[in-house]
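Worksheet: one structure, shown below.
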Amino acid sequence: SSTITRFRIQEDAQHTFSSTIDLSYGLRDNLTLTTSLPLIYKVDTLGGKEAIGLGDISFGLRWQPIPLKRGLPTTTLFSSLSTATGDSPYEINASEDLSTGKGYYSLSAGASMSKVTDPLVIYGSASFSVANSLGGLNQNRAGKLVSVSPGQTLGMSLGFAYSLNYDVSISASYSQSISMNSRFGFDDGRVVEPQTQVSSVLNYTLSLRTSPTRIVNLSLGLGLSEDTPDVTLGFSMPLEFV
């Protein structure tokens, strides 16, 4: 005897364009308040779908507990709250619409360290995040999805920056996150627990000093796992308000 198991192959070709305004305000010399406001445009070239709107706004704090001393690494503690202001992927019509947010609140905390060895800067960070559970859903996803419990996420990154001269520097970094213990509940009593997701990205950044007070950053990110975008391009420029 033999058994034939049905399976489905789903093609995916989504592109995301985001414009994010990051605001930082120094409450004290060693304490900074941050806010991130993302605007998202997503397009699915295979499904003919697109979405534009506000993403998930986040608020954070950065604290440097130990003053900078010569020869010692710099340590910074950070925490952030990510809201659910974007369109939730669990409340849209998945066959016709795209989401601009993750659909739930999450709280993260961690620490970063950096060491200056002129002309090289070595840095690394580690973080942990948790999210709230969602209930009362009514979405058709191979059954009626009624609840979502996002799992915990562990993150880490390490890299270095090298100054070529006064106006040009380059940096390379590796970042990885592990998401686990997620649960999806359906109206027929089924509970689906996806496998642990691993996201790995290799980043390269070119920094150009365009004026004595401004540095423009051009970045390239290469996804190393199936749970990450294939290619990420970035451009950032600081604006200072005195």
Given H placed on each backbone N at 1.01 Å, which residues far from residue 14 in sequence or on other chains put an amide H within less than 5 Å of it?
none
Report the extension gain between residue 183 and residue 75 in nm, rounded to one decimal, defined as 0.36 nm multiplied by the number of residues separating them, less their alpha carbon distance.
35.4 nm
Apply the Karplus curve 6.51 cos²θ - 1.76 cosθ + 1.60, θ = phi - 60°, to the phi angles in the stretch 183-188 and return the couplings in whole Hz, x for Gly and Pro.
9, 10, x, 10, 5, 8
Give me the percent relative contact order of the chain, please, defined on Cα pairs under 8 angstrom at least 6 residues apart.
10 percent
Taking max minus min of the Cα coordinates of the stretch 173-225 on each principal axis, largest first, gives extents in Å of 62, 20, 12
What number comes out for the charge environment of residue 86, summing +1 per Lys or Arg and -1 per Asp or Glu over other residues with Cβ under 13 Å away?
-2
Using DSSP to call loops (not H, G, I, E or B), can you name the chymotrypsin sites (Phe, Trp or Tyr not before Pro) in the stretch 151-242 whose Cβ has at most 10 other Cβ atoms within 10 angstrom?
166, 241
I want to check the label-to-label distance for residue 140 and residue 115. Put each point 7 Å from Cα in the C-beta direction and report it in nm to one decimal.
5.8 nm
If Lys and Arg each add +1 and Asp and Glu each add -1, what is the summed charge of the other residues whose beta carbon sits under 14 Å from the beta carbon of residue 62?
-1
Each residue of the stretch 42-47 in order: what ³J(HN,Hα) in whole Hz does its phi give by Karplus 6.51 cos²θ - 1.76 cosθ + 1.60, θ = phi - 60°, with x for Gly and Pro?
10, 9, 10, 6, 7, x
Shape box of the stretch 47-100 [Cα atoms, principal axes, largest first, Å]:
57, 19, 15
Taking Lys and Arg as +1 and Asp and Glu as -1, residues besides residue 114 with C-beta under 15 Å from its C-beta add up to +3
May I ask you to give the average projected area over all directions of the convex hull of the Cα atoms of the stretch 134-182, in nm² rounded to one decimal?
6.1 nm²
Overall form of the stretch 133-242 per C-alpha gyration tensor (a/c, 1.5; a/b vs b/c)
prolate
What full-extension length gain, to one decimal in nm, is calculated for residue 57 and residue 220 as 0.36 nm per residue of separation minus the Cα-Cα distance?
56.3 nm
Normalised per residue, the volume inside the convex hull of the alpha-carbon atoms of the chain in Å³ amounts to 173 Å³
Would you mind calculating the gained length between residue 230 and residue 92 on full extension (0.36 nm times residue separation, minus the Cα-Cα distance), in nm to one decimal?
47.2 nm
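None of the figures in this text is laboratory data; all of them are computed from the coordinates on show. Since the model is a prediction, treat every value here as computed from it, not as a measurement. Using ideal geometry, Cβ is built from the backbone for each residue, glycine included, and neighbour counts are taken over all protein chains shown.
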